[in-house]
Amino acid sequence: MISKKALLATMGLSLSVLLTPAVAQNSFLSDSHVMKRVQTQQKYLLLPVEETVDYSHIRVIKNNKVVKEFNCKLAINRTDYSVPLNLNEFGDDVLLDIQFHGEKRKTSEIKDYACWNEMKTSDTFDTSNREKYRSAYHHTPLWGWMNDPNGMFHKDGVWHLYFQYNPYGSQWENMTWGHSTSTDLINWKFEGEAIQPDAIGTIFSGSSVVDNKNTAGFGKGAIVSYYTSAGAAQTQSMAYSTDNGMTFTKYEANPVITSNLPDFRDPNIFWHEETQKWIMILAAGQQMEIRSSTNLKDWTLESTFGEGYGSHAGVWECPDLINIGGKWVLICNINPGGPFGGSAAQYFVGDFDGHKFTCESAPTTTKWMDYGKDHYATVSFNNAPDGRHVVLPWMSNWQYANQVPTKQFRSANGLPRDLGLFSYKGESYLTTKPSPEVFNAFASKPDNKLTATCYIEANNLKHGATITLSNAKGEKVVMTYDAKKETFAMDRNNSGQTDFSNEFKTVTVAPTYGTLKSVLIFIDHNSIEAFDADGKMAMTNLVFPNEPYNKLTATGCKTKIYQLK
């Protein structure tokens with residue numbers, strides 16, 4: 001998945017695929033409606049996908065009952081890739097009721113659609129990497145679409161990452177919680193689908209907590225997760241796990257919290273020691289609601305925050321509230337409205353008394369966690385060890401996330417980061433540093449070779465220092481430090497493939513809050529992340545070079561390169 005070994009192995013899934021035609025009967029009922037009976041003892045039905053056509057709606061029927069339904073862009077003219085439907089969930093005899101929607105493209109006869117000849121059953125699904133832009137040391141889904149990180153927690157030496165996931169295509173749809181685990185924040189194992197859509201709605205973003213005191217009554221150390229059920233309305237639901245987050249039981253009284261607001265989502269929960277209560281911060285339109293509970297089931301509205309503060313150029317979502325050294329940081333992701341267009345993460349520093357968050361800055365002050373274009377939905381791990389505040393972003397931008405040039409999967413997470421605080425000219429700001437585990441993935445001794453998977457340490461930066469990554473095709477990324485303006489900039493206008501979106505070309509610029517002495521630049525197959533070594537600046541940008549950058553040109557600084565192990 002993200003490690004070199006995981007890209008060659010497949011987390012226990014076979015690389016070879018033994019395909020056989022599905023034992024099935026197609027009933028063509030109209031020019032947009034098909035019923036297909038599948039009788040097989042094999043594990044998967046492989047569904048051919050064509051990304052440029054409209055969605056088909058598929059209902060899986062067993063014993064005259066709908067046991068699953070989802071949307072999938074079934075291939076009409078050609079197959080871009082296939083995705084697996086796990087038949088083991090239902091048994092060896094199911095009926096698929098398929099409705100095609102929208103324009104039928106080049107082929108007019110439904111019986112001639114490409115999907116029928118290429119829809120196969122198999123005991124295996126090939127997850128070997130077929131993408132040159134798949135990250136080597138960032139988390140990615142084995143297949144399908146991923147966006148916001150959800151429900152992250154640490155327990156018994158294992159980091160658990162859940163994420164917004166579409167198992168049936170590499171574009172946004174069918175929101176489900178996918179699940180991956182890691183012991184080092186770098187190498188991840190895909191654990192499957194943790195929480196699936198139900199009658200209340202699809203599964204939007206949320207959070208998980210380790211209930212060490214058994215306040216909810218599900219058992220000491222149970223994992224309690226809250227998520228947004230996205231149906232005709234957005235409501236908040238709960239699920240719990242008694243096997244360390246591997247499987248979940250949905251709370252029988254869902255939804256737990258309701259509202260008449262249209263944008264009401266992304267509950268984030270933590271334990272507040274001073275009041276001995278659980279606190280939930282929840283996006284509610286253009287502000288955040290703060291609620292409290294003693295049992296994780298019954299919630300009292302305490303206060304709201306947001307009116308008149310920060311950027312309101314888009315919808316507020318994916319909040320977090322963290323105590324860092326006695327000050328509180330409220331993270332508020334916003335889409336659109338980022339500093340360079342599209343989605344981004346802003347934050348506020350202040351005080352929280354268990355009831356109300358009070359921002360210490362002027363309402364017109366806007367602070368950004370990251371000054372790249374591809375940093376969003378950042379939230380923290382619950383129960384992180386040693387009092388650390390470890391966060392993980394989604395590494396993309398809603399302006400073009402569905403169009404980036406990959407097919408087998410779309411989207412990665414940015415590097416895990418540890419947060420802290422610093423002061424500059426009377427204001428408090430976040431420090432953002434790559435987590436210590438990141439450096440363990442790289443060689444301890446530097447060399448002078450620029451590769452597709454390495455990091456650069458640039459020291460002794462002078463005013464006007466430049467760092468240029470380039471290749472033989474003339475593609476390049478140029479980074480520039482302006483000591484007088486106290487800024488660091490990254491220009492990806494000529495970085496490689498950019499024509500998939502008019503919004504991709506850009507120069508991103510970050511304040512350095514004083515002198516920038518040393519910068520760390522992490523390069524992966526499709527990303528560049530730059531950090532001030534002291535944590536005062538972070539910048540995350542996607543890049544899609546047609547061949548890896550293999551030339552480093554640096555002026556006004558000294559550089560070292562460290563290779564991925």
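Read-outs: derived from the displayed coordinates by stated rules, not from any lab. Here the structure is a predicted model, which means the values were calculated and not measured. For neighbour counting, all protein chains shown are included, and Cβ atoms are generated from backbone atoms with ideal geometry for every residue, glycine included.
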Local charge sum around ASN295 (other residues, Cβ-Cβ under 13 Å, Lys/Arg +1, Asp/Glu -1)? +2
Please work out whether the range 442-563 counts as rounded, prolate or oblate from its C-alpha gyration tensor, where a ≥ b ≥ c are the square roots of the eigenvalues and a/c under 1.5 means rounded, while otherwise a/b larger than b/c means prolate and anything else oblate? oblate
Listed with the fewest Cβ neighbours within 10 Å leading, SER303, SER205 appear as SER303, SER205
Integer Hz, Karplus 6.51/-1.76/1.60 couplings in order for the range 305-321, x for Gly and Pro: 9, x, 4, x, 9, x, 8, 10, 7, x, 6, 7, 7, 6, x, 8, 9
Classify the range 379-465 as rounded, prolate or oblate, taking a ≥ b ≥ c as the square roots of the eigenvalues of its Cα gyration tensor: rounded when a/c is under 1.5, otherwise prolate if a/b is larger than b/c and oblate if not. rounded
Give me a comma-separated list of calculated 3J(HN,Hα) values for the range 347-356, in order, Karplus coefficients 6.51, -1.76, 1.60 applied at θ = phi - 60°, integers in Hz, x for any Gly or Pro. 8, 10, 10, x, 10, 9, 9, x, 10, 9
If the cut-off is a Cα-Cα distance under 27 Å, which lysines reach LYS111, setting aside same-chain residues fewer than 8 apart in sequence? LYS36, LYS43, LYS62, LYS65, LYS68, LYS73, LYS120, LYS407
Three-way shape label, the chain, alpha-carbon gyration tensor, a/c 1.5: oblate
On a full-extension model of 0.36 nm per residue, what is the gain between SER361 and HIS463, subtracting their alpha-carbon distance, rounded to one decimal in nm? 33.7 nm
Net charge near THR228, counting Lys/Arg +1 and Asp/Glu -1 over other residues with Cβ under 11 Å of its Cβ? -3
Neighbouring Cβ atoms within 10 Å as the yardstick, rank GLU50, GLU547 fewest first. GLU547, GLU50
With a 10 Å Cβ neighbour count serving as the proxy for reagent exposure, in which order, fewest first, do GLU131, GLU109 appear? GLU109, GLU131
Are there any trypsin sites (Lys or Arg not before Pro) in the range 297-374 that are in a DSSP loop and have at most 14 other Cβ atoms within 10 Å? List them by number. LYS356
Report the local net charge at ALA239: Lys and Arg +1, Asp and Glu -1, summed over other residues whose C-beta lies under 11 Å from its C-beta. -1
Using 7 Å Cα-to-Cβ label points, what is the THR515/GLU274 separation (nm, one decimal)? 3.7
